[in-house]
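Asks: Take a look at this one; I'll ask things after.
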Amino acid sequence: MKAYSPLAALILITLISGCASMTPQTQQVQASLSPEHYYGEARKAQAGGDHAGAIQAFKELEDRYPLSPYAQLAPLEIAYAQYKLGEYDAGAAQTERFITNHPEHANLDYAYYLKGLIRSAQGTANPEAAPAQQAIVDPEHARQAFQSFSLLVQGFPDSGYRDNALQRMAQLRNLLARHELESVRQQLEQGRQQAAIRRAKYIAEQYPKTPAAREALELITSSASTTISGVEVMPVTAPIAPTLAQESIHREEWLLQQNPRHFTLQIAGTSSQEGLQRYIEQHQLQDQSAYFRRMHNNKAWYSLLYGNYGSRDQAIDAAERLKTELGLDNIWIRRFNDVQASIMEGHDN
């Protein structure tokens, strides 16, 4: 048996008495040291535009209460403050830290969205302005922004940030295509026609259905002989973008406009765009079909879709009919949000 210590008993009694007799002022001081208090004060600073103060407060919260749910959110709050301060690399690093440490967190979609905003701010001039006033200043960061938004769209179909992310992806596609278009213009002015042709093909393949893709092709196919800044450009006889020839068939732009919660049927896939178009005409699928292009294993791949169905049951019934009519063994039922994500990302490896 342990020896009884009167001194220990006295200390215990004193501590109990002290807690019982704690004044309201003392309790307020204790409460002010809680994680809720730190988080609340940091949020006030953030809302008031004191982003530097908010960063400091959130860091103190992490130091004092690293296991608190409030501390889990601190990297995102810090990232937002750094985004507002223009500390983009630091902010992006904070979003990565959150994504790595909390892969199942309820706010993971916001982490991808915020990272996309940060990289977009780095990659474009005037990212929040009207599209005509935007421009690419750093293509690599713009592509990283696109990738972050794409991960959000693919991984979180019910996210409240999804629609805005899709809009931003469309803007980034157009801006990146327009950025490449400037290279086409420069190459034509320098008399580098073959380089301009290759660049125009690249735009048509990577950014189909963008205004820049059409303009790039028109630049090098507009006439039999064109003079640009005193340099003669001979006609281009090879077909550069067969996508311009079949305007009656729905393409990426139409698919992106469909209800993301609806279903469609993927009935074929091929590396031959002309073969796919012949298949559509042979089976008279023009009115109900659409196809899109993506990169698969570094090669162009075209996926043929059919129909727009409000429920999975409707899609299943339509798939059974099509199997009989077209003699198909397998039909893939897909939600439009999955299709739209594939289109916006541009590749599927």
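Asks: Quote to one decimal, in nm, the extra length available between Ala52 and His283 on full extension: 0.36 nm per residue of separation minus the C-alpha distance between them.
Replies: That pair, Ala52 and His283, stretches by 76.8 nm at full extension.
Asks: Right, next: Counting other beta carbons within 10 Å of each Cβ, put Trp332, Trp301 in order, fewest first.
Replies: By the 10 Å Cβ count, ascending, the order reads Trp332, Trp301.
Asks: Please work out how much length the chain gains when fully extended from His37 to Arg198, using 0.36 nm per residue of separation minus the C-alpha to C-alpha distance, in nm with one decimal.
Replies: 52.0 nm
Asks: Provide the per-residue ³J(HN,Hα) series for region 38-54, in order, calculated from phi with Karplus coefficients 6.51, -1.76, 1.60 and θ = phi - 60°, each as a whole number of Hz, with x at glycine and proline positions.
Replies: Result, rounded to whole Hz: 4, 5, x, 5, 5, 5, 4, 4, 4, 5, x, x, 8, 6, 5, x, 5.
Asks: Dividing the convex hull volume of the alpha carbon atoms of region 115-219 by its residue count, what do you get in Å³ per residue?
Replies: With only Cα atoms used, region 115-219 gives 97 Å³ per residue.
Asks: Oh, and also: State whether region 254-301 is rounded, prolate or oblate according to the following rule on the C-alpha gyration tensor (a ≥ b ≥ c being the square roots of its eigenvalues): a/c under 1.5 gives rounded; otherwise a/b larger than b/c gives prolate, and the remaining case gives oblate.
Replies: Oblate.
Asks: What percentages make up the Cα-Cα pair-distance distribution of region 252-345 when the bins are 10 Å wide from 0?
Replies: In whole percents, the pair-distance histogram is 16, 51, 31, 2.
Asks: State, to one decimal in nm, how far the label point of Gln186 lies from the label point of Gln314, with both points 7 Å from Cα in the Cβ direction.
Replies: Here the answer is 4.9 nm between the modelled labels.
Asks: Distance in nm between label sites at Lys299 and Asn164, each 7 Å beyond Cα in the beta-carbon direction?
Replies: 4.1 nm
Asks: Please identify every one of the trypsin sites (Lys or Arg not before Pro) in region 251-311 that sits in a loop by DSSP and has no more than 12 other beta carbons within 10 Å of its own beta carbon.
Replies: Sites meeting the loop and neighbour criteria: Arg261.
Asks: Name the aspartates and glutamates eligible as straight-distance cross-link partners of Lys299: C-alpha to C-alpha under 14 Å, and not fewer than 8 places from it in the same chain.
Replies: Within the straight-line limit of under 14 Å, Lys299 reaches these aspartates and glutamates: Glu205, Asp348.
Asks: Using the number of other C-beta atoms within 10 angstrom as an exposure proxy, rank Asp138, Asp109, Asp63 with the fewest first.
Replies: Lowest to highest Cβ neighbour count: Asp63, Asp138, Asp109.
Bear in mind that the values in this text are calculations on the coordinates, not laboratory data. Remember, it's a predicted structure, so these values are computed and weren't measured experimentally. All Cβ positions, glycine included, derive from the backbone under ideal geometry; neighbour counts span all protein chains shown.
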